[in-house]
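What follows draws every value from the coordinates through simple rules; no lab data is involved. The structure presented is a predicted model; accordingly, all values stated were derived computationally and were not measured. Neighbour counts are summed over all protein chains in view; Cβ atoms, including those assigned to glycine, are modelled from backbone coordinates with ideal geometry.
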Amino acid sequence: MSGFASNRPEEALLLAENVTMRFGGVTAVSDLSLAIPQGSIVGIIGPNGAGKTTVFNVLSGFYTPQEGSVIFAGKSIRGRKPYQICRLGMARTFQNIRLSSQMTVLENIMVGCHVRRRSSWWMAPLGLPRFYREEADIARKSRLLAERLHLSEHLNEKAGSLPYGAQRRLEIARALATAPRLLLLDEPAAGMNPQESLELMHFIGRIRDEFDLTILLIEHDMKVVMGVCQYIWVMEYGALIAQGDPDAVRSNPVVIRAYLGEDMLAAKSGGPGGR
């Protein structure tokens, strides 16, 4: 490995080495290695079916890889459950928004806070003051978080009734409520118009700074990726085919071929089949 995001693997907040994930006879991720330093915003891109979401599912504990290791904050997380990894400080969003649509905005954010709850569930039916004090504190923190993410006006609305962009922000707010060190964003710009995508770029940079985060994202919108990421890995058919800073990736013929195909690459370069 080489480059910005892997020049010091021993200092990486998250380090994946030689990760392979198979489903029957299909290899969804093959021998993937990456290192993400604290405080960075980095991305994974690739055509549909490249294995990007499988990588997220491996990193966040939804899948256990057949081969390789994943180290987060100095601890192996291979084989740990998603909730255990979340408690260690990794949170994620999903390509298809997974909010509790019949719960309010406030309740959805509070769900995220519960991963840090110290009082036990059985204290509630006993009416123990400690439980209700903590619940009130969680509600207060959730309102403050909603305010920071411009969701205050929707606090008592059901999540399923929100505009699409607000639902995306709410899903990120719920993830932030878990107090993560690393935030995984799975196609956050999906379904957004160009103006919303531009606003998302600024939003990602802002929450990185305000919440002292490291961010790894998957995204098909190249303007978002190139505008916000400091380092990018490119996948195709489960394998890493290129990596580097945005300028290097943008001009890499292997990447262009993966996205556009041989004929389009030839046309673009003025070669055979082009003009």
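Checked against the criterion of being without any contact (Cβ under 8 Å) to a residue 40 or more places away in the chain, under 22 Å from LEU183 (Cα atoms) and part of a helix (DSSP H, G or I), the candidates ARG143, ARG130 yield just one match: ARG143.
Got a number for residues in region 202-259 being out of contact with any Pro (no Cβ under 9 Å at 6 or more places or on another chain), among the hydrophobic types (A, V, I, L, M, F, W, C) and not in a helix (DSSP H, G or I)? Residues that pass the stated criteria total 8.
When THR214 is tested against (1) surrounded by fewer than 17 Cβ atoms within 10 Å (Cβ to Cβ); (2) touching a residue at least 24 places away in the same chain (Cβ under 8 Å); (3) polar (S, T, N, Q), only condition (1) is not met.
Test LEU170 against the stated conditions and say whether it is surrounded by 21 or more Cβ atoms within 10 Å (Cβ to Cβ) and in a strand (DSSP E or B). It is false that LEU170 is surrounded by 21 or more Cβ atoms within 10 Å (Cβ to Cβ) and in a strand (DSSP E or B).
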